[in-house]
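Below is one structure, written out as structure tokens, with a few remarks after it.
The values are calculated or read from the model by the stated rules, or taken from the named source; none is laboratory data. Note that the structure is predicted; figures quoted are calculated from it, not measured. Using ideal geometry, Cβ is built from the backbone for each residue, glycine included, and neighbour counts are taken over all protein chains shown.
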Amino acid sequence: MTYCVALRLDSGLVFLSDSRTNAGVDHVATARKMSVYENPGERLMVFMTAGNLSISQSIKQVIGEHVNAAGKTIWTVATMYEAAQIVGEAVRIIYDREAAKLEKFGIDFNVGIIFGGQIKGEGCRLFQVYAAGNFIESLNENTYFQIGEAKYGKPILDRVVKPSSTLDQAAKCALISMDSTMRSNISVGLPLDLLLYGVDTLAVTRFVTIDEKNQYFQMIHENWGKQLTAVFNGLADPVWNANPDTVPNVVLAKGSHNEPLVQAPPAANANTAQPVPLQTLAQGPDSKEQH
């Protein structure tokens, strides 16, 4: 599996991908998931994939060769929307060619794509392309797209990234998102490809491949967990069965009535012992009730 994330900001675009394709006790393989289509001064487009690697590679090949109904290619279309249409058409071409054959072997047509960049004459744009070849575009309400193992790295993106974030702030957030994903899922791993694109540069100016020796990523990996632990330890424990008007951090107010959904045992198995009273504080059953 893999994890890729891209962010659209007022100041440009940030793209980050891992390179893990297989992960197991005795089989770890890597392949780069980010490709760049660049005609300096005229257009810069970034293509990232997750899912079946053979499908992704075939789609990338078709994108570079495909001519649409208007006689345009990825290198000659006038807008990023038209470029995204070519990516979608490439997905459908490979689907029509391969899907039925793959199905005979029990293999799904599984691919996810992030595609974004800028063509001279318009602003930066970012798209997520699905396995059916359809796509959506990033707007201010949704400044980022993820593909692959997305759930582990999503919370930090939701809390931190805004359209007004700088490229460096967004890159830092994306790397924390990636580190969180790698911490929880062995199928995502180094090396990483990170590309920062500034509005109207129309060329690759800031790109790095990050391995285990990268100083900045080492700092994030070592410090992010420590910072989270420090914040966690700084939060108060919950207080039970107390008056929230006089006691802070009350999770259950005194006098309120809350019960779980209980499934009662059959009569033959019922225990006649009296239930243990609810403890009043999270600190332990021996704590005194607070007023």
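Worth a mention:
- For Trp224, the conditions (1) farther than 30 Å from Gly12 by Cβ; (2) aromatic (Phe, Trp, Tyr); (3) out of contact with any strand residue (DSSP E or B) (no Cβ under 8 Å at 6 or more places or on another chain) all hold with the exception of (1).
- Within region 33-71, considering residues that are small (Gly, Ala, Ser) and under 13 Å from Ile114 (Cα atoms), the one surrounded by the most Cβ atoms within 10 Å (Cβ to Cβ): Ser56
- Residues of region 229-250 that turn out to be loosely packed, with under 13 Cβ neighbours inside 10 Å and of a type in the set (A, V, I, L, M), as a count: 4
- Number of residues in region 176-231 that are in contact with a Cys (Cβ under 8 Å, 6 or more places away or on another chain) and of a type outside the set (A, V, I, L, M, F, W, C): the value is 1.
- When Gly24 is tested against the conditions (1) part of a loop (DSSP other than H, G, I, E, B); (2) at pLDDT 95 or above, the lone failure is (2).
- Residue-level analysis places Ser17 among those that are among the small types (Gly, Ala, Ser), crowded, with 20+ Cβ neighbours inside 10 Å, modelled with pLDDT of 95 or more and in the same structural domain as Leu126 (by TED's automatic domain parsing).
- Failed item in (1) modelled with pLDDT of 95 or more; (2) in contact with a strand residue (DSSP E or B) (Cβ under 7 Å, 6 or more places away or on another chain); (3) of a type in the set (A, V, I, L, M), with Ala29 passing the rest: (1)
- Annotation: of all residues in region 28-43 being in a loop (DSSP other than H, G, I, E, B) and farther than 22 Å from Glu122 by Cβ, the one that is farthest from the chain's Cα centre (by Cα) is Val28.
- Matching strands (runs of 3 or more DSSP E) fully within region 172-264 where at least 1 residues are more than 25 Å from the chain's Cα centre (by Cα): 239-242, 250-253
- Condition check for Gly71: assigned to a loop (DSSP other than H, G, I, E, B), out of contact with any Phe, Trp or Tyr (no Cβ under 7 Å at 6 or more places or on another chain) and at pLDDT 95 or above: yes
- Among residues of region 133-152 being more than 17 Å from Ser56 (Cβ to Cβ) and either assigned to a strand (DSSP E or B) or not assigned by TED's automatic domain parsing to the domain that holds Gly189 (or both), the one that is nearest to the chain's Cα centre (by Cα) is Tyr144.
- The residues in region 34-74 that are closer than 17 Å to Gly12 by Cα and not hydrophobic (A, V, I, L, M, F, W, C) can be counted, and the count is 6.
- Check on Glu141, out of contact with any Pro (no Cβ under 9 Å at 6 or more places or on another chain), of a type outside the set (Ser, Thr, Tyr) and closer than 24 Å to Val199 by Cα: yes
- If the condition is being within 12 Å of Tyr37 (Cβ to Cβ) and touching a helix residue (DSSP H, G or I) at 6+ places or on another chain (Cβ under 8 Å), then region 67-80 contributes Thr73, Ile74, Val77.
- Residue check for Gly112: small (Gly, Ala, Ser), in a strand (DSSP E or B) and under 21 Å from the mean Cα position of the chain (by Cα): yes
Per-residue answers, yes or no, for (1) buried (at least 18 other Cβ atoms within 10 Å of the Cβ); (2) modelled with pLDDT of 95 or more; (3) not assigned by TED's automatic domain parsing to the domain that holds Phe15; (4) not β-branched (Val, Ile, Thr):
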residue	(1), (2), (3), (4)
Gln169	no, yes, no, yes
Leu175	yes, yes, no, yes
Ser187	yes, no, no, yes
Gly198	no, yes, no, yes
Leu202	yes, yes, no, yes
Asp211	no, yes, no, yes
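- Count - residues of region 120-132 that are under 20 Å from the mean Cα position of the chain (by Cα) and more than 18 Å from Tyr197 (Cβ to Cβ): 3
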